[in-house]
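Some notes on the structure that comes next.
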Amino acid sequence: MSMKCELKRKALHLTGLTVPLSYLIFGREVTLTFVAITLVLFLILEPFRIVEHLRDRVKEKLGLYVDIIEKVEREIETIAREHEKRSIGAHIYFTLAALIVICFFPEDIAIGSIAVATLGDAIAAIIGKPFGKHRFKNGKSIEGSLAYFLTALLILIPLMGFFHAIIGASAGTLAEFYELPPDDNFSNQLAIAITLYVLRKFAF
C-alpha cells in the first residue's frame, strides 16, 4: 500500500478518537449507545462492502447515484488491506473492542486503551513506513514501534501515572507489533485494558 493510501487509511482510523472524546464529554451511557449503534450500522453495511453482487443490486435501485457509489467503492478498495477485501474489516473489530472495553473496564482505562490503540497505531504507521530503517521480519520497524510507545506514554501518564503508563504502553506496543489475532484493531485495545486492569487490581 502506498504512503498516500496509508495516510488515507489512518485518517479514517483516527475517527475512532470520537469514542474516547465522547466518553470524556458525554459520559459512559451516551458513549455506549453511540458505539453500539455504530457497530450495528457497520454490521448491516459490511455484506455490501464484501459481496459484489449485493453492491450491484444497490446500484441498480439507486440509479442516478451509481457514480457516487463507484467512487466510494474505489476509495475503499485503495485503503483496504488485502485480507479485508473479502473478509471482516478493521472498523468492525475496532468498534466491537471499543464496546467491550467501555462495558467492562473503568473509565480511565477505557479512554486510555481506545485512545492509545487509535492514535498510537496511526503514529506508528506515519513514522514507521517512511522513516523506519531498522525493520523486523514482519515488516514492522523499531522507529514505528518507538513512535507507538511514546504516543501511548503521552496518553496514559496523565490518566494513570508513570508506572502504569509504562506497563500499558508496553502491552500495547507488543500487541501492535505481533498483530495478535483476530485483528490488531481488536487485540490492541483489549491487551492494554486487561493489562492495566490486572495491574491495578493485583499489583499496585
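The values are calculated or read from the model by the stated rules, or taken from the named source; none is laboratory data. Since we're looking at a predicted model, the values are computed, not measured. Cβ placement follows ideal geometry from the backbone for every residue including glycine, while neighbour counts extend to all protein chains displayed.
Would it be correct to say that residue 58 is of a type outside the set (Asp, Glu), part of a helix (DSSP H, G or I) and at pLDDT 95 or above?
Considered against the rule, which asks whether it is of a type outside the set (Asp, Glu), part of a helix (DSSP H, G or I) and at pLDDT 95 or above, residue 58 comes out as no.
Within region 130-152, take every residue that is among the aliphatic types (A, V, I, L, M) and either crowded, with 18+ Cβ neighbours inside 10 Å or in contact (Cβ under 8 Å) with a residue 40 or more places away in the chain (or both) and give me the one that is farthest from residue 116 (Cα to Cα).
147
Could you please find all residues in region 17-43 being surrounded by fewer than 14 Cβ atoms within 10 Å (Cβ to Cβ) and among the polar types (S, T, N, Q)?
33
In region 175-204, what residues are of a type in the set (A, V, I, L, M), surrounded by fewer than 21 Cβ atoms within 10 Å (Cβ to Cβ) and under 15 Å from the mean Cα position of the chain (by Cα)?
180, 190
Can you tell me which of 85, 71 is at pLDDT below 65 and within 17 Å of residue 184 (Cα to Cα)?
One residue alone meets the criteria, 85.
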